[in-house]
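Here the structure comes first, spelled out in structure tokens, and everything after it is commentary.
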Amino acid sequence: PQKTSFHRSQTLGYKNGYAFSRLPTVGIGREPLYVNQLSEAELDELSNKRLMLTYGQAKRAPPSRFIPAHVALDKKVLKFDAYFQEDVPLSAQEHYRVRQVVIYYYLEDDTMCVIEPVVKNSGLPQGKLLKRHRVPKNDRGDHYHWKDLNRGMNITMYGRTYRIVDCDPFTQVFLESQGIELNPPEEMVFDPYTELRRTPMPTCVTPSNFDKLKQFLTYDKQVLRFYAVWDDTDSVFSENRSYIIHYYLADDTVEVREVYKQNDGRDPFPVLIKRQRLPKTFVDKMKTFPSCVLEISDEEVLEWYTAKDFAVGKSTNLFGRTFFIYDCDDFTRNFYRDKFGITDFQPVEMKKKPPKEVPQVIPPYDGFGMPEDSLQNCFSLFPKPPKKDVIKMLEKGNKVLRYQVTLESPDPVDRKRRFILSYFLSNDTISIYEPPVRNSGIIGGKYLGRTRVPKPGSTPSNIVYYEPSDLTIGSTIEVFGHRFVITGADEYVLNYMESNAEHFPAATLQSLRDHFRPQQVLKEAANSDIPTLETSKEELDGLLAQVHEELKLHKSLNNENIREAFLQCDKDGSGILDKGEFLGLCDRLSVPISTVVVNKV
């Protein structure tokens, strides 16, 4: 009450035009203020920093690299073995059930999951019981942390209490490194009903001299196999048919199966007698009782067929059919050897009569398609194309013999027609082409496509085709009713036949030589008229110089046009022109050369 000054110290100041706040040094009424003063510890620290204030702050080492928790703790999981107990109210054999689980705690994000190992045929939904997430610990929003987990403790998650009994070595090392004292491990509790089911049930075996169940369990899936033949040669359609007799040791039943072969002409019903017990001897009253309405039982049968009634080399009568057993398999031999002491299993060789050979009659050729293609329908149900000579096609793929032919016809117009016959050596086919002639009234082009041409007089069973040896100059060939006369040939034909003279007759080769001899004579004569270099070189040079002088006088002439005109007249490329053609060209091109020079040329 004696205080009269209530001034407050200024805490806001300005420096260089900027406002800044400062702490008050005195209280209200200039009373001493101990709140904002330096403490003894701060004064000691400032005294220790006198060197730093004088010489500056010392250099510090760079801080260590920061590693986030989700990287440092990635793939680090704590594993705890636990179990929980659930009630079974509707079962008289068990009142509760123990289910073993594994609790995983993921350190990177503090999540947990509960997985129950799957047991086959358990009838329970097993696997992941609790998916991975942060499990709430209480109603206040807290979550379970790895510090809350330990061995020998109960943990409640969503109303279900789990008992943790043990953990893996990594979990133990991690928790101990964090200063947590682990409880001693406990033994895992197993389900009592499951353990009860694993104990073997007591069995009781009643001794018996003959027990069908014992026979079934002893000889189950053990079958005797015999190979037999039914001799039915006395019937109208006499034949021997093969069968297989199966004797089942489990219940003394017999089955007869037919050996089904492909394309034997029979329906695929391989079972002749279904599996059943076969009677061997009937009672006396069975002789007059109708068997079609009888259900055979032990009262009507005195004796049934057993394994003793079947042997190799003996006949067995089954329902009126006599089957002769000629062989058996290895298991049957071993069974008879061990059971009855029989060692004679010599198989009987069954000789079958060879079937009669039926000659194959090939029908006549119907005229459609090639005879080779039509013939394949007689050899197979699904015909295949005839095989080709691939080597011949590769060797002679591009070799073609060309001939000039004319049509032999009473019509004078047809006699003037000219054709080109091509013989392909790769597959011995012939094609005929007619060059189109303008204003002739006949459409030229392909006259005959590539095909093999048979000779006249060939039969469907023995077809003979035309060959290169049959194509001689002047000969006549018949192509599907049309007769052609060979009037010329290509020079390649003569060269090819001379290079392969051993494959062609001399007459064919001679006819080609006679045809090409006049042309060779003309070439030789033309070559002989040219003056030789030794005797007339000076005369020839003088003649050429004289021609050049004559052409230079007329500059309007184009030497290139003259050269093209001479080359067009030389159609066969021989380099020789007739004197009349030469003079006609000079006159047509208006070449002003004197008559004396022209005659010399």
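The values are calculated or read from the model by the stated rules, or taken from the named source; none is laboratory data. Remember, it's a predicted structure, so these values are computed and weren't measured experimentally. Methodologically, a virtual Cβ is constructed for each residue, glycine included, from the backbone with ideal geometry; neighbour enumeration extends over all protein chains shown. Note: accessible area is taken over every heavy atom of the protein model, side chains too, but ligands, DNA and RNA are not part of it. Shrake-Rupley method; radii C 1.70, N 1.55, O 1.52, S 1.80 Å.
Within the stretch 424-449, if we keep just the residues that are more than 13 Å from P468 (Cα to Cα), hydrophobic (A, V, I, L, M, F, W, C) and under 47 Å from the mean Cα position of the chain (by Cα), the residue that is least open to solvent (accessible area, probe 1.4 Å) turns out to be I432. Hey, does the stretch 346-356 have a residue that's under 44 Å from the mean Cα position of the chain (by Cα) and in contact (Cβ under 8 Å) with a residue 24 or more places away in the chain? No, the stretch 346-356 contains no residue that is under 44 Å from the mean Cα position of the chain (by Cα) and in contact (Cβ under 8 Å) with a residue 24 or more places away in the chain.
The single residue among N263, N240, N209 that is modelled with pLDDT under 90 and surrounded by 13 or more Cβ atoms within 10 Å (Cβ to Cβ) turns out to be N240. Taking the residues in the stretch 369-402 that are under 30 Å from N495 (Cβ atoms), under 33 Å from the mean Cα position of the chain (by Cα) and open to solvent by 100 Å² or more (accessible area, probe 1.4 Å) as candidates, determine which candidate is modelled with the lowest pLDDT. Of everything passing the filter in the stretch 369-402, K388 is modelled with the lowest pLDDT. Restricting the stretch 374-417 to residues that are part of a strand (DSSP E or B) and touching a Gly at 6+ places or on another chain (Cβ under 9 Å), the residue that is nearest to R450 (Cα to Cα) is Y403.
There is no residue in the stretch 532-545 that is over 18 Å from S574 (Cα atoms), open to solvent by 100 Å² or more (accessible area, probe 1.4 Å), at pLDDT 85 or above and outside any loop (DSSP other than H, G, I, E, B). For the stretch 118-144, the set of residues classified as open to solvent by less than 40 Å² (accessible area, probe 1.4 Å) and either assigned to a loop (DSSP other than H, G, I, E, B) or at positive phi (or both) consists of G127, V135, Y144, listed by residue number.
Across the stretch 328-365, the number of residues qualifying as part of a loop (DSSP other than H, G, I, E, B) and among the aromatic types (F, W, Y) comes to 3.
Quick one: would you say L149 is in contact (Cβ under 8 Å) with a residue 40 or more places away in the chain and at negative phi? Here the answer is yes, as L149 does meet what is asked. The stretch 1-117 holds helices (runs of 4 or more DSSP H) entirely within its bounds, and those carrying 2 or more residues that are loosely packed, with under 10 Cβ neighbours inside 10 Å map to 40-48, 50-55. For the stretch 280-316, the set of residues classified as open to solvent by less than 70 Å² (accessible area, probe 1.4 Å) and either touching a His at 6+ places or on another chain (Cβ under 6 Å) or at pLDDT below 75 (or both) consists of M286, P290, L294, listed by residue number. Scanning for something closer than 19 Å to G369 by Cα and open to solvent by less than 60 Å² (accessible area, probe 1.4 Å), does the stretch 405-418 turn up at least one residue? Among the residues of the stretch 405-418, not one is closer than 19 Å to G369 by Cα and open to solvent by less than 60 Å² (accessible area, probe 1.4 Å), which makes the answer no. For D366, state whether it is at pLDDT below 85 and farther than 30 Å from G449 by Cα. Criteria not met by D366. For the stretch 185-195, a residue qualifies if it is in contact (Cβ under 8 Å) with a residue 60 or more places away in the chain and open to solvent by 70 Å² or more (accessible area, probe 1.4 Å), and exactly one does: F190.
Yes or no, residue by residue, for (1) at pLDDT below 75; (2) open to solvent by 100 Å² or more (accessible area, probe 1.4 Å); (3) assigned by the TED database to the domain that holds E491; (4) part of a helix (DSSP H, G or I):
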| site | (1), (2), (3), (4) |
| --- | --- |
| H548 | no, yes, no, yes |
| L551 | yes, no, no, yes |
| A565 | no, no, no, yes |
| F582 | no, no, no, yes |
